[in-house]
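Notes follow the structure.
The values are calculated or read from the model by the stated rules, or taken from the named source; none is laboratory data. The structure displayed is predicted, hence computed values, not measured ones. Cβ coordinates were reconstructed from backbone atoms using ideal geometry, including for glycine residues, and neighbour counts include every protein chain displayed. Remember, those area values only see protein heavy atoms, side chains included, never the ligands or the DNA or RNA. Shrake-Rupley method; radii C 1.70, N 1.55, O 1.52, S 1.80 Å.
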Amino acid sequence: MAYLFQIDCVRYACSCGSLKSIAKIYFCRHCLSIRCGYCVCHEVDSYYCSNCLENPPASEVRLKKYKCSNCFDCPCCFETLSIRSGQVLVKSLHTTQEESKPVTKKIYYLSCTLCRWSSRDAGIPDQTVATGSWREQESPNTYRITALINFYKILGSIEKQQKERKKFQSKRIFLQFEKFGITSTMARKRVGQLPLLQSNTQSDQPQPSEASEEIEELSQDIFTKSIDITKITTLDQRLQHPELQVENINELRPQRKQFIVKRSQRCRFCEHTVSKPDYCPTSTKFKIQLAAFYHVPELRIVACEPLRLGYSSELLLKFCNPTQHQTQIILLSMDTPMMPTTTTLQGIKEEINRENVQMGCDSPNLLPSAVRQAIVVEEGRQVNIVINAEVILPSSSFILPPRDDAAEYDDPSDSQNSQDDPKLVVWRKGNKAIIRLDVIPYVDKDKMVKDEPIVVGLAMQYGYINTIATLEHKAPQKLDLKVKLFLTLGNLVHNIL
Amino acid sequence: MLRSYEGTRYISDKQVIVLDIGSAYTKYGYAGETAPRGIINTEIKCPESRELRKIYSYKDEDDLYQLLVEFLHMIFFKCVVISPKDIKIVILESPLIPSKFRNTLAKVLFRHFEVGSLMVLPIHLVTISTLGVDTLLVLDVGYQEATLIPVFEGVPILKAWQALPLASKAVHESITREMKTILSETESTEKLIENIKVRTCFVTTMERSLKLETDNPFKPPPDVKYYTTRTFEIPGSVREKAFEVLWQRDNDNLSVPTMILDSIIKCPVDTRTQLAENILLIGGTVMAKGFASRLKTELLYLLNSELYKEKLKIKTFKFHTAPSKPNYTAWLGGAIFGSVDLPSRCITKENYLELNRVPDWVNLIDNRKDEASNTI
Ligand SMILES: [Zn+2]
Ligand SMILES: [Zn+2]
Ligand SMILES: [Zn+2]
Ligand SMILES: [Zn+2]
């Protein structure tokens, strides 16, 4: 795709202010606005294991602690471990049988194909079944921490009850966040009293930790023993397993592989989904994908004459209509109001706002408005781009015919539309057209940044057919939408004339 | 079956995410669990410029906002794999975090990710829950600085707080300096220096330390052969000296042990013995071999020095051991607290959107700073 080469040359301004290439933006058909990854609400749609592609339902995923039960990561290099099988001879233990024949038994162990780590080297016993029997190390602190959690939960519920009974003045608050410190007099009063925790004591209180004077001393052989660095874990290896953080390589234990998520994306203003992936982990398709390049005309830079300060250069732009409907394109200046407009039957132009857009509220993934939450508004992003050249806007508009997939294959000669302004439209074929514009870099010293690429900005108005039928509006609504575009044209040419 | 019943009840309530966004490492995981799911660098690849940026290297609030959006997006969808919308988040907060940071973080969580509620917990205070005690002197030696706040009967003694830039960063700088002749400037990345520190260096004894700079020091520990793209040797003296910066008695007499003593002096007399006998060390730096034993020796030595002999009548120091590794003890405190249903301690989305800021009662820190400046 050409986007790979022109990735940031043509950027569309999203409704939130982000500037992105057309490949990275969505077009919400319901509120007729451009949306992007920054201003949509991301949601976890489904989980899967990147190794075995298991995709359990979300409820099960939590029980599995968000990790695959079959696959493990190498504790050494973090690649996926493979399960190897082998055979061992086992002597039958039945003494009743006189001649106990050795029986072969299939066994399994884990091994890393990349760094050669193996569960055998680490001293983990082989398993007789391939999956399901590999046990993760149980934390030695689980019992203690569970007791602490339960204790604080009880304290929490006591505090909650007291607050509900409005006995807020009670001193039985176990963590006084509201108080900004203790004074000497308070402390003196406190000393005579029973400690707060103890007075709250119920049989549920776990034994408080005992402090000790004994401390692990630095082992004396550290001053004499030489170190083999290859046997000592790196920081990354330690942090991979926070609970253990072992020091020696042979103490590393494999960790179950974490599930990966597929995300769906929802427009934050109308709560319609703009992107929803296929549930199947192997599929790269989408159930819903309101990508902008299906709805908004695409613009590419064909050529630009070398740019000189104060001189005009020719700029060729290619427009492409991706929709099934003919569209009229008008290029406008950046300060044009961006509100969508429509032309009524009487030929009067009127602005469209949320009330008279055909929203189509019967969409299955849309919550009834009573349940819907208020929209959380995020501030727009600042556009950190300096426009340092003027583009001479054409006085006439031009038409892009609808996309015709069949026409792609036959090769009609370049067709010139008789209505085209020949000065503007230099080439056209099917749903595409190339137009010519003039660009003049600003001479203004304040606006000139040294060796910054030349950027021009313009607004594109395009015709859009809203095909979402609602009860009141059965016929498609014809609208004029606008989007701001930023074109990066390359650096100035500094040649001596 | 009671067990499975409990299991389903647990499943039905929403998962709570606990985040401790430290200046070097971020600890993330779920409330109610015994350890964080991961410990990662607090940095993110900027999507536009593709450079790796530390979150705390932000230029201004706008910059921080964008960095946090990218960083938290990664945490939610790649690390804890949960939709952030309408969930409860627990944030651990260091006392030195500027209110600008806290406010921007809350704004990102509520306005961008639309989280349901937020609980901001001060690191030192919340740590007591990992021990089941209510009197504790918590010393946190992290990356940027060492901070200390004593907690007495569940209440932080804020006027006795201490903070010094004696932590990981200072240790890294000292190793980098010592390795100058061996590693070129481009070679000595913080990642390599940190690995050298963690894998080979240790905190030496006070006895040996006193002789380090004299004419007849002890025989240094063996050199260590280290392999990166090339092989080089780490001199034994570098291994032994790495952490000395934390104990040096400079002109101001400020070191990690003096923080503890100075703090205890600022506490009411009746609380001092109890605090000295309830010390907990947290933060990644205290995990260095020999740290705790050196700290104890230094404390006992200083206690008998001219500086503290008259002022402090303490005999012993006692240390707690939390059911965790010190670099995530604060996170564990958050994970214990986060599993308790305390709506009065949470800022809800509705609340935030109405006030458009974090309510005052969370601004413990600002209050403390005023108080601290009064006492100086
Ligand atoms: Zn956007
Ligand atoms: Zn798997
Ligand atoms: Zn490996
Ligand atoms: Zn929408």
May I ask you to derive the FRET efficiency for A:Asp278 and A:Val302 from their Cβ-Cβ distance with R0 = 35 Å, giving the value to the nearest 0.05? 0.45
Residue by residue through region B:199-209, the couplings from Karplus 6.51 cos²θ - 1.76 cosθ + 1.60 with θ = phi - 60°, in Hz, x for Gly and Pro, are 8, 10, 8, 8, 8, 7, 6, 5, 4, 5, 4
So what's the angle, to the nearest 10 degrees on a 0 to 90 scale, between helix B:2-12 and the longest Cα principal axis of chain B? 80 degrees
Unit charges on C-beta of K, R, D, E only; dipole of chain B, Debye: 840 debye
Mind listing which chymotrypsin sites (Phe, Trp or Tyr not before Pro) in region A:222-297 are in a DSSP loop and have 14 or fewer other Cβ atoms within 10 Å? A:Tyr279
Helix B:364-375 versus the longest principal axis of chain B: what angle, 0 to 90°, nearest 10, using Cα atoms? 40 degrees
Connecting C-alpha atoms closer than 10 Å in a GNM of chain B, tell me which of B:Ser263, B:Ser255, B:Ser344 has the biggest fluctuation. B:Ser344
Within region B:50-82, backbone nitrogen closer than 14 Å to the virtual label 7 Å beyond the Cα of A:Arg62 toward Cβ: B:81-82
Could you please state, rounded to a whole Å, how far the C-alpha centre of region B:206-278 is from the C-alpha centre of region A:212-244? 17 Å
Can you give the convex hull volume of the alpha carbon atoms of region B:163-275 per residue, in Å³? 137 Å³
For chain B, the Kirkwood Rh over every pair of distinct alpha carbons, in Å, works out to 22.3 Å
Rounded to one decimal in nm, the spacing of the 7 Å Cα→Cβ label points at A:Leu114 and A:Ile465 is 5.1 nm
Angle, helix B:61-74 long axis vs. longest principal axis of chain B, Cα atoms, 0 to 90°, nearest 10? 80 degrees
Given the -39500 (n - 2.57) contribution per DSSP H run of 4+ residues, what per-residue ellipticity at 222 nm results for chain B, rounded to the nearest 500 deg cm²/dmol? -10500 deg cm²/dmol
Quote the accessible area belonging to B:Ile82 in square angstrom, nearest 10, computed with a 1.4 Å probe and with ligands, DNA and RNA left uncounted. 10 Å²
What FRET efficiency comes out for the pair A:Phe286/B:Leu254, r = Cβ-Cβ distance, R0 = 51 Å, nearest 0.05? 0.30
Taking 0.36 nm per intervening residue step and subtracting the Cα-Cα distance, what contour gain separates A:Asp236 from A:Glu214 on full extension? 4.8 nm
Tell me the label-point distance for the pair B:Gln15, B:Asp63, using the 7 Å Cα-to-Cβ offset, in nm and rounded to one decimal. 3.4 nm
Based on the Cβ-Cβ distance of B:Leu96 and A:Asn70, what FRET efficiency does E = 1/(1 + (r/R0)^6) give at R0 = 45 Å, to the nearest 0.05? 0.50
Assign unit charges at the C-beta atoms only (+1 for Lys and Arg, -1 for Asp and Glu), then state the dipole size of region B:168-246 relative to its Cα centre in Debye, rounded to the nearest 20. 200 debye
Filter A:Lys20/A:Lys276; B:Lys14/B:Lys107; A:Lys262/B:Lys100; B:Lys59/B:Lys225; A:Lys318/A:Lys349; A:Lys257/B:Lys180 down to the pairs with a C-alpha to C-alpha distance above 30 Å, please. A:Lys262/B:Lys100; B:Lys59/B:Lys225; A:Lys257/B:Lys180
Simple SL model, points at 7 angstrom along Cα→Cβ for B:Thr228 and B:Glu207; separation in nm is 3.6 nm
Which whole-angstrom value gives the distance between the alpha carbon centres of region A:29-81 and region B:84-127? 24 Å
Sequence-separation-based contact order of region B:168-246, relative, with Cα cut under 8 Å and 6+ spacing, percent: 40 percent
